[in-house]
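Contents: one structure, followed by commentary.
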Amino acid sequence: MSEAHVTVENKSVAREHGYRGILFVISSPSGGGKGTLIRRILASVPGLGYSVSWTTRAQRPGERDGVDYHFVSVEEFEEIRERGGFLEWAVVHGNLYGSARHVVEQELAEGRDIVLEIDVQGAASVRASMNSVVSIFILPPSFEVLRERLTARMTERPDALALRLLNARGEVEHYREFDYVLLNDKVERAASQLASIVYAERARRERQEWLARRVVETFPHSSPVE
Ligand code: 5GP
């Protein structure tokens, strides 16, 4: 053992010991407030990455290509899908959405934790295809609050807004399939609860094995008491 102390920051050592990042999947109905919560934890929790999705949905004012989404045509999306470029993809509210396979796999292999903000169908396919996914469902406090939030943000045309509200019940019923359910009543409280989930998952014994073993190795073996 060369180092005097073992620290959690030492991710390169973690990688040598086969440590992989944690894949966090976060879903909620449209207007559930997951975007705000995710922005908060990305800013406050160190070592957490985000996978920017691909979509055929029209870009909204204020959205940045390559930052909020990679905005592509249906043809471009299908071309990526045909060559297996998506870890998961789904039709959501009439548009195509998908997560880039290589981004997720590379981050995890490098020992970095990553957040996917995807719908309930995408969450189900990720659970089916990946080991040790941590899934979190964000619930708005009520349908009424969801409706108000969606209407107030004015990002959808009336027909698209109506479709999202119509689909909301079908989405919230999927909360049962998730490891964690988080009520987004107050943003501060919900954001700190979300950060707590990330920290608690990192501290799970099976994910700390490499670290614990190194710490234990710094201790001399006890000799029998004379
Ligand atoms: P929005 O159009 O409001 O940005 O997103 C609509 C829905 O698509 C949200 O539920 C969002 O989580 C979901 N979504 C965004 N990116 C992806 C993705 O890569 N895959 C899947 N399956 N859903 C996504």
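For the range 122-191, the equivalent ellipsoid built from the Cα gyration tensor has semi-axes of 25, 16, 10 Å, listed from largest to smallest.
Could you work out the mean projected area of the convex hull around the alpha carbons of the range 7-138, in square nanometres to one decimal?
8.6
For the range 61-134, carbon and sulfur atoms together expose 48% of the accessible surface, with a 1.4 angstrom probe and every protein chain in place.
Ranking 38, 61, 140 by how far each Cα lies toward the positive end of the dipole of the range 38-194 (charges on Cβ) leaves 140 at the top. In a fully extended conformation the segment linking residue 102 and residue 221 would gain 38.4 nm over its present Cα-Cα distance, using 0.36 nm per residue.
The value obtained for the range 108-226, namely the Cα convex hull volume divided by the number of residues, is 175 Å³ per residue. For the range 26-122, what is the percent of antiparallel DSSP beta bridges, rounded to the nearest 5? Of all bridge pairs located within the range 26-122, approximately 55 percent are antiparallel.
Taken about its Cα centre, the chain carries a charge dipole of roughly 460 debye when the Cβ of each Lys and Arg holds +1 and the Cβ of each Asp and Glu holds -1.
Starting from the Cα-Cα distance between residue 82 and residue 42, subtract it from 0.36 nm times their residue separation and give me the gain in nm to one decimal.
The span from residue 82 to residue 42 would gain 11.3 nm if fully extended.
Extending 7 Å from the Cα toward the beta-carbon at both residue 176 and residue 16 defines two label points whose distance is 4.8 nm. Treating r as the C-beta distance of residue 59 and residue 145 and R0 as 25 Å, the FRET efficiency rounds to 0.40. When only the Cβ of Lys, Arg, Asp and Glu is charged (+1, +1, -1, -1), the dipole of the range 128-168 relative to its Cα centre reaches about 60 debye.
Expressed as a whole number of Å, what is the distance separating the alpha-carbon centroids of the range 18-41 and the range 186-226? The range 186-226 and the range 18-41 have Cα centres separated by 22 Å.
Residues 97, 175, ordered by accessible area of protein heavy atoms at a 1.4 angstrom probe radius and largest first, appear as 175, 97.
A Förster radius of 30 Å, combined with the Cβ-Cβ distance separating residue 204 from residue 95, puts the computed FRET efficiency at roughly 0.25. Each DSSP beta bridge with both residues in the chain is either parallel or antiparallel, and the antiparallel ones are about 30%. Ordering 47, 71, 97 by Cα displacement along the dipole of the chain toward the positive end leaves 47 in first place; charges were set at the Cβ atoms of Lys, Arg (+1) and Asp, Glu (-1). Each 10 Å bin from 0 upward holds the following percent of the Cα-Cα pairs of the chain: 7, 29, 33, 17, 8, 4, 1, 0, 0.
The values are calculated or read from the model by the stated rules, or taken from the named source; none is laboratory data. Since the model is a prediction, treat every value here as computed from it, not as a measurement. Every residue, glycine among them, receives a Cβ derived from its backbone with ideal geometry; neighbour counts consider all protein chains shown. In case anyone asks, the SASA skips ligands and DNA or RNA and just uses the protein heavy atoms, side chains included. Shrake-Rupley method; radii C 1.70, N 1.55, O 1.52, S 1.80 Å.
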